[in-house]
Every structure is written in C-alpha cells, then in structure tokens.
Amino acid sequence: MREILFFHGAGCPHCKIMRPMVAKLEKELKLKVKSFEVWNDEDNADKMREYADIITAAGNGDLGVPAFVDVKNKEAITGEMPEKELKKWLMQK
C-alpha cells in the first residue's frame, strides 16, 4: 500500500486550496494521506527535510509547500494543482 505524505503550511493560500481537495480524494479513493503542517511545527518540518531530495527534484529545486510524497516509490508532486491532476497522481501505481 502506498504511503502518501502531505506537507503544508498554515496560512499558505495554495495549501488552503489543496487541503479540502485532499480530504475529498481520501474518501473517494479510499486512501489515507498523512498531513504535516511544517510552518509552525519543527518536528514536521524535520520530517519534510527527510524527503528534501525528492521534493526539490519535483519542485524545480524548491523545498516548498504544498508537497506530496509517495514514500514507497520515492516520488513527489508539488504546488497547487487541479483536483484532476492530484487524483491522477494519487491513483498511479
């Protein structure tokens, strides 16, 4: 089973758009996405840094939010995106 991590920041306008989308897709796809708020929680920020190489590769060198990491496949997708794009990524493999 895929382990999906969602790194986001409180007050990030892009993350605000993505959070309800993630909740909807979790239910629709019967998938659990683990959420980590990284701007105000240093432990969560450290967790994000563990995947910095994957996230920066997907984010054109940026370690920013929102960021989604597929732990098993060592893949990431970053930034605000349409629901259709996130759904397609979540459904792969």
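Where in segment 32-93 are there strands (runs of 3 or more DSSP E), lying wholly inside it, with at least 1 residues that are closer than 11 Å to H8 by Cβ and of a type in the set (D, E, K, R)? Full working, then the answer.
Details: elements: 33-37, 67-70, 75-78.
So the answer is 33-37.
State all residues of segment 34-79 that are more than 15 Å from L5 (Cα to Cα) and in contact (Cβ under 8 Å) with a residue 24 or more places away in the chain; if no residue qualifies, say none.
Within segment 34-79, W39, N40 meet the criteria.
Scan segment 37-47 and give yes if some residue there is touching a Cys at 6+ places or on another chain (Cβ under 9 Å) and modelled with pLDDT of 95 or more, otherwise no. Step through it out loud before you land on a result.
Narrowing segment 37-47 to residues touching a Cys at 6+ places or on another chain (Cβ under 9 Å): 37, 39.
Checking which are modelled with pLDDT of 95 or more leaves us with 37, 39.
Yes: one or more hits.
Within segment 37-54, which residues are under 15 Å from E75 (Cα atoms) and in contact with a helix residue (DSSP H, G or I) (Cβ under 8 Å, 6 or more places away or on another chain)?
Of everything in segment 37-54, just one residue is under 15 Å from E75 (Cα atoms) and in contact with a helix residue (DSSP H, G or I) (Cβ under 8 Å, 6 or more places away or on another chain), namely M48.
List, please: which pairs have Cβ atoms under 8 Å, are six or more places apart or on different chains, and start with a residue in segment 18-31 that is under 22 Å from V65 (Cβ atoms) and assigned to a helix (DSSP H, G or I) and end with one that is among the hydroxyl-bearing types (S, T, Y) and modelled with pLDDT of 95 or more?
R19/S35; V22/S35
Can you tell me how many residues within segment 2-22 are more than 12 Å from the chain's Cα centre (by Cα) and at negative phi?
7
Collect the residues in segment 73-93 that are more than 24 Å from R49 (Cα to Cα) and modelled with pLDDT of 95 or more, keeping them in residue-number order.
Of everything in segment 73-93, those that are more than 24 Å from R49 (Cα to Cα) and modelled with pLDDT of 95 or more turn out to be P82, E83, K84, E85, K87, K88.
The values are calculated or read from the model by the stated rules, or taken from the named source; none is laboratory data. All values derive from a computational prediction rather than experimental measurement. Quick reminder, even Gly has a Cβ in these numbers, built from the backbone with ideal geometry, and neighbours come from all protein chains shown.
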